[in-house]
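Contents: one structure, followed by commentary.
The values are calculated or read from the model by the stated rules, or taken from the named source; none is laboratory data. Quick caveat: nothing in here was measured; it's all calculated off a predicted structure. Reconstructed Cβ throughout: ideal geometry from the backbone, glycine too, with neighbour counts over all protein chains shown. Heavy atoms of the whole protein, side chains included, go into the accessibility calculation; ligands, DNA and RNA do not. Shrake-Rupley method; radii C 1.70, N 1.55, O 1.52, S 1.80 Å.
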Amino acid sequence: MGKTRKSAHLAWLAAGGLALAGAVAGPAVGQTLTLAVAASPTSLDPHYHNLAPNNSLADHIFGALVEMDANTRPEPGLALSWKPISDLVWELKLRPGVKFHDGSAFTAEDIAYTLARVPTVKNSPGSFLLYTRGVTKVEVVDPLTVRLTTGAVTPLLPIDLSQVAILPHGLGPEPTSESFNALKSTIGTGPYRVTAYNSGDRVELARNDAYWGEKPHWEKVHYRMIPNDSARTSALLAGDVDFIEAVPTSDLSTLRKDKRVALAEAVSLRFAYLFFDRTRDGGGMPFVSGPDGEALAKNPLADVRVRRALSMAINRAAIVDRVMEGAAVATGQFLAKGSTSYVDDLAPPAYDPEAARKLLAEAGYPRGFRITLQGPNDRYVNDEKVIQAVGQMWTRIGLQTKVDAITWPSFIGRASKQEFSAFFVAWGVSSGEASNPLRALIHTFDASRGFGSANRARYSNPALDAVIERGMAITDDAAREVVLKQATRMAMEDVAMITLYQQKNIWGMKPDLRYVARADEATHAFAVYPAK
Amino acid sequence: MTTWMLRRLIQAVFVMLAMTVIVFIGVNVIGDPVEILISPEADQAERARAVIALGLDKPLWEQYWRFLLGAVQGDLGRSFVFNEPALKLIAQRMPATLELALTAVLMSVVIGIPLGLYAGLKPDSIGGRLVMGASILGFSLPSFWIGLMLIMVFAVQLGWLPSTGRGQTAELFGVQWSFLTRDGLAHMAMPAFNLALGNIALVLRLTRAGVRENLPMDYVKFARAKGLSPNRVVFVHVLKNILIPIVTVVGLEIGGLIAFAVVTESVFAWPGMGKLIIDSINVLDRPVIVAYLMMIVVLFIVINLLVDLLYTVLDPRVRLETRE
């Protein structure tokens, strides 16, 4: 698949020259927007599957108590305000005068109904329970006031609530996912209503004129799904669609010069990183061996000097420029500049192969060692090319590096079983602040408390764990940010992982449109405006 | 005839059973659907809940046994991804693929046979050589590349045809079809041609080879000597004799086009079954994979049956019992 896609891009580039002479795309007809997304939503049930394409579509139809702005900072949605009235109780004031698509009024009853419905969704492969489980009690004070009691201190409750679409209690007990797909239960407070749904092909949306917020410009939206990169770009160039998401990086240099297309980009919350297996620090590593292929008695990757050398050996600027075609930003931490809990003086580690080689010698590996770097080849933008580049850079400091790109379904299962020694993955920081990666990736794996759930390297640093846990229990936003920054710094100084770059999200559109580019990758028709 | 049909039926059941076992074991070896489907942020408790919700906590043999019990009652399971019955999902996507594949087959017969006859009857003419040369390109160029070139030329550059999608559809027998509307036909033209290209070349070459082989035969000489018109000799006698290999190949190709139209479907964003199966394999959506492959097995069995019956019509010497 990866191969095919790459050759397809080559073909498309070859033909790009011809295309320049083509017809000039006309303006959007009437008040209709045709857009194409790259990944197909799997259901219209907003609580069935916590999956980016589903959530992005649900944002059009449903509303949440808290909304996230383009920079992933919480802002009032269906709740006008929220504040903790004690350590465990939050009080939310709801927006008055909001109506659901069926005309019923939005009240506190709907909050109770929604939070009770989330755990009852049948066969969910990825439930929203994650965000609602913390709430142990819902108390309706009056129609526009609700109190939520949590089992533990949950400072990020507003952010969790931003993920949960509110449904009208008039839907009755346990509406099925099918009734959402059949448009019977698809009733929200969002700026659009669904008028037709054809799974894997298109969704038709019509403007909800009773929407409480800013009225979207487009009366109708054709929401099409075109997963194939070249097909999506061609559809934009041919004028069949007005707007596309996830512009492929291989087309970027051509499209930047093309007058028929305007681009909007934002630095994403998704960072790419390298992780090192720490379950075999005493030897027996499957993909690390001595310079002559002999087994090593201890894991070189357990030595922070080795990890630091591996990080210094990587020329992040070159990867960003040449492999990612500028669609990324080099980084030395989880988040990009401007985000909450970004650490100002934590610059990307400088590229210094000489120093890296010295550091390796100092750690006792003057002749390096053999290592295999694994990664997916069909999951992230240019994933296979990036690991090849890293492999070459490591070879330059004297490591005999092999690179092994594997299809995602097989890769992720093996990574979760600790079958690799060094591997490449990416992580989307959906909350927009550092507690999310710290908790899931860096904290010691602890199934009973839900820590380290994606810590596939089984990295463990008890001192750091303590800081993370302390930070996560602070309700005050500013005080929490200070501790999270400290934890980020500790993780990076110990090279718990090698962070490489933040991706950029890129949208392409006709030149007479503009888009408020978002850090969280979501594509929103209601954030597309005429350029003037 | 009845014993022949019965034997075929029993064979089909065994093929299907073997196929389901292979899929169950295969998917299990590739990876864990929960790893792929679950939100990356899910904690360990949520992961455990999802495993139970999808029934993946049970041992594999028990999962298979449950599947068999359901299958006997006509329930092939629910998609892990869509939370809808797998059969319903496939049925929703089938019309799009069917109309695309059948149009492609129609094209390959309507274009391939006449060109093949021409090339066979006039092998040394410039036209005949050109047709043969072009046919080599037809089956040797990769279809995704041709698809992209078609889009670049006819959609992006000339703007004659829409680049992707199914266009406007109209209802017939409760199903939405593209071939009933002008817009739908315009959308279908490029993908159908793209899908047909390899088969046009194949049918063309088979026809030509058949004509070249049959022309020097005694029955043709005899027909000519009898004073039949050249048209009657070619279109009735020769054509009938060369049709058997063509029917076999076209029959198999119908199945192939329906089952494996995936490249064309993804290049043209055609919402058919091919896209569904590839997406399902990527996320290890086992119920859909199993249901899809079972349906394809049935499809091939039915097509082979029809092809065998057609042989007896084309060549009365063929007996079904002896063809086993």
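A few comments on the model shown:
- Helix A:52-61 vs. chain A, principal-axis angle (Cα, 0 to 90°, nearest 10): 20
- Members of segment B:266-301 that become less accessible by 30 Å² or more once partner protein chains are added (1.4 angstrom probe, chain alone as reference): B:S266, B:A269, B:P271, B:K275, B:N282
- Mean projection area, nm², convex hull over Cα of chain B: 21.9
- Rounded to 10°, Cα long-axis angle of helix A:383-396 versus longest principal axis of chain A: 20
- Cα centroid separation, segment A:247-308 to segment A:373-432 (Å): 5
- Mean residue ellipticity (222 nm) of the protein assembly as shown, computed from DSSP H runs ≥ 4 via -39,500 (n - 2.57), nearest 500: -13500 deg cm²/dmol
- Over 27 Å (Cα to Cα) - which of B:K240/B:K275; A:K122/B:K275; A:K257/A:K385 fall in this group: B:K240/B:K275
- Relative packing of peptides A:130-137, A:233-240, A:470-477 - highest average C-beta neighbours within 10 Å first: A:233-240, A:130-137, A:470-477
- FRET efficiency for the A:Q31 to A:D102 pair, using the beta carbon distance and R₀ = 25 Å, is estimated at 0.60.
- Principal axis dimensions, the protein assembly as shown - Cα atoms, whole angstrom, descending: 105, 73, 60
- Annotation: peptides A:285-294, B:194-203, A:459-468, ranked by per-residue average of other Cβ atoms within 10 Å with the highest first, follow the order B:194-203, A:459-468, A:285-294.
- Buried solvent-accessible surface, both chains (A, B), 1.4 Å probe, Å² to nearest 100: 4600
- Counts of other chain beta carbons within 10 angstrom of each beta carbon in peptide A:47-59 average 2.
- A straight Cα-to-Cα reach below 30 Å connects A:K83 with the lysines A:K93, A:K99, A:K137, A:K215, A:K337, A:K485, residues fewer than 8 places away in its own chain not being considered.
- Take each residue in B:46-59, count the other chain C-beta atoms within 10 Å of its C-beta, and the mean is 3.
- One Cα centroid belongs to segment B:210-231, the other to segment B:1-63; the line between them spans 56 Å.
- In this structure segment A:415-499 gives 32 Å² per residue of accessible area when probed at 1.4 Å with all protein chains present.
- Segment A:284-342 - Kirkwood radius from inverse mean 1/r over Cα pairs (Å): 14.4
- Per-residue shielding of B:74-82, expressed as the average number of other chain Cβ atoms within 10 Å of the residue Cβ, stands at 4.
- Counting only protein heavy atoms and a 1.4 Å probe, chain B has 48 square angstrom of accessible area per residue.
- Carbon plus sulfur fraction of accessible area for chain A, probe 1.4 Å, in percent: 53
- For chain B, the membrane-span-like helices by this rule, meaning whole DSSP H stretches whose C-alpha atoms cover at least 30 Å of axis and whose Kyte-Doolittle mean is 1.0 or above, are B:2-30, B:86-121, B:286-314; this says nothing about an actual membrane.
- Sorting the segments B:56-62, A:175-181 by their mean number of nearby beta carbons within 10 angstrom, highest to lowest, gives A:175-181, B:56-62.
- In percent, rounded to a whole number, the relative contact order of segment B:95-314 is 28, using alpha-carbon pairs under 8 Å and six or more apart.
- For A:K298, the lysines whose Cα comes closer than 21 Å to its Cα, not counting residues fewer than 8 places off in the same chain, are A:K358, A:K402, A:K417.
- Helix A:477-493 axis, angle to chain A major axis (alpha carbon atoms, nearest 10°): 30
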